[in-house]
1. Taking Cα pairs under 8 Å and at least six residues apart, what relative contact order does the chain come out at, in percent?
2. Can you classify region 213-357 as rounded, prolate or oblate using the Cα gyration tensor, where a ≥ b ≥ c are the square roots of its eigenvalues, rounded means a/c under 1.5, and otherwise it's prolate if a/b beats b/c and oblate if not?
3. Please work out the C-alpha center-to-center distance from region 325-354 to region 253-316 and express it in whole Å.
4. Find the centroid of the Cα atoms in region 48-118 and in region 168-183, then give the distance between the two in whole Å.
5. Could you tell me how many cubic angstrom of Cα convex hull volume region 76-172 has per residue?
6. Kindly state, to the nearest 0.05, the FRET efficiency for S351 paired with R74, given R0 = 56 Å and r defined as their beta-carbon distance.
7. If you average the sequence gap of Cα pairs under 8 Å that are 6 or more apart and divide by the length of region 1-80, what percent do you get for the contact order?
8. I need to check one value: relative contact order of region 267-357, counting alpha carbon pairs closer than 8 Å and at least 6 residues apart, in percent.
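Derivation of every value follows stated rules applied to the coordinates shown; laboratory data play no part. These numbers were taken from a predicted model, which means no experiment stands behind them. Because the Cβ atoms are built from the backbone with ideal geometry, glycine has one as well, and the counts that use them run over all protein chains shown.
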Amino acid sequence: MFTFTALPMRVRFGAGSLAQLPDEVAGLGLTRVLVLCSREQEDIGQRVAEALGDRAVGVFSAARMHVLIEVVHRARDTARELDADGCVAVGGGSAIGLGKAIALEHGLPVIAVPTTYAGSEMTPIWGLTEGGSKRTGRDPRVLPVSVLYDPELTLTLPAGLSAASGINAIAHAVEGLYAPDASPIVSLMAEEGVRALAAALPAVVVDGANLDARAEAQYGAWLCGAILGATTMSLHHKLCHSLGGTLDLPHAQTHAVVLPHILAFNAAAAPQAVAALSRALGDAPDPARALWELAGRLDAPRSLRELGMAEDDVTRIADLAVANPYANPRPITREGIEVLLRAAWAGEQPSPAIMRL
Ligand code: NAD
């Protein structure tokens with residue numbers, strides 16, 4: 001038995017599709033959009049504004065990690081001054097997160113133009129940081145009204161971030177496969193998403209200008225993002241949220257390090273997920289090990305130590321992980337989490353023994 005609720009999802013996909021953005025904006029009845037991006041991606045923001053011509057009223061280039069409320073208010077004031085009737089958020093999860101916060105607080109529709117593989121554009125999940133603490137929630141109003149995937153915009157994503165962001169996307173599929181609200185449609189998308197990303201990422205890392213590989217990776221990221229939007233995430237996402245929020249570790253890289261260990265921890269309780277991942281990873285006998293090896297081949301980080309985490313923080317994070325109950329295919333034990341975190345901290349390969357802790 002299962003329940004599947006399809007979210008409204010409108011996607012334009014393909015190399016060069018940025019040229020269709022003016023049509024997309026016009027088709028949605030918008031005439032004065034504000035382009036949102038990070039300072040590092042101001043050039044892409046300007047490119048998007050130029051592609052939009054008269055339909056763009058300005059570029060707000062102060063999007064940052066964690067969606068600070070002060071930045072949301074400044075962006076809102078800019079949108080008001082310019083009489084904007086919508087936003088186009090171009091960038092990774094941080095820029096798209098800013099668009100969602102404006103949609104949530106001020107009702108402006110957002111069109112997303114993603115340039116990483118994080119997947120935020122496919123979800124109704126928002127995050128907002130106020131006074132140092134981050135709140136998150138789900139609200140259909142923040143779901144972008146349209147998403148334009150142009151792989152040409154990902155050509156500049158550095159190899160390291162491409163690898164980590166791609167594994168971040170795979171993590172959505174892994175947890176979607178064993179989610180309490182999993183369904184056959186989600187499983188189809190997950191297997192295909194992981195297959196596409198695992199096939200494309202090695203080529204992307206070797207040659208970031210390989211447009212076919214970039215398109216394949218972004219296709220996988222779309223599917224994986226849709227899974228994040230459609231299902232309830234489990235231990236992996238909660239643990240990465242604690243690591244990121246408490247220790248300020250980088251988002252995508254933290255996911256890349258932790259994922260193989262979580263899969264090893266959950267594998268025995270999620271045999272169908274393991275079977276799907278095995279197929280997606282080229283009939284890998286042990287998908288947790290295969291993901292760890294993939295991270296190695298991509299030169300992605302494999303230890304929390306190299307991300308700047310102190311070993312002493314392992315117990316603090318393990319305490320946090322067991323403080324509140326949440327979905328997971330097997331019970332979360334304090335001992336299991338601590339052993340898992342120590343292995344992830346040191347960069348060890350995931351141990352099948354963790355299944356019994
Ligand atoms: P990010 O948006 O912070 O981007 C990381 C860096 O890469 C930034 O400096 C950005 O300017 C740069 N960058 C992005 N695309 C580039 C490109 N094509 N070329 C060159 N540089 C580029 O990182 P992210 O991993 O995409 O997103 C992480 C944030 O998104 C986190 O805060 C996370 O919580 C949030 N997130 C939210 C959801 C959701 O559903 N709400 C989903 C995934 C991630």
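1. Values: 709 pairs, mean separation 53.3, N = 357.
Computed value for the chain: 15 percent relative contact order.
2. Working: a/c = 1.41, a/b = 1.27, b/c = 1.11.
Rounded, since a/c falls under 1.5.
3. One Cα centre to the other: 11 Å.
4. Cα centroid of region 48-118 versus Cα centroid of region 168-183: 28 Å apart.
5. On the way: hull volume 11.3 nm³, N = 97.
So the per-residue hull volume is 117 Å³.
6. Working: r = 47 Å, r/R0 = 0.85.
For S351 and R74, the calculated efficiency is 0.75.
7. Working: 70 pairs, mean separation 21.7, N = 80.
For region 1-80, the relative contact order is 27 percent.
8. Numbers: 70 pairs, mean separation 27.8, N = 91.
31 percent.
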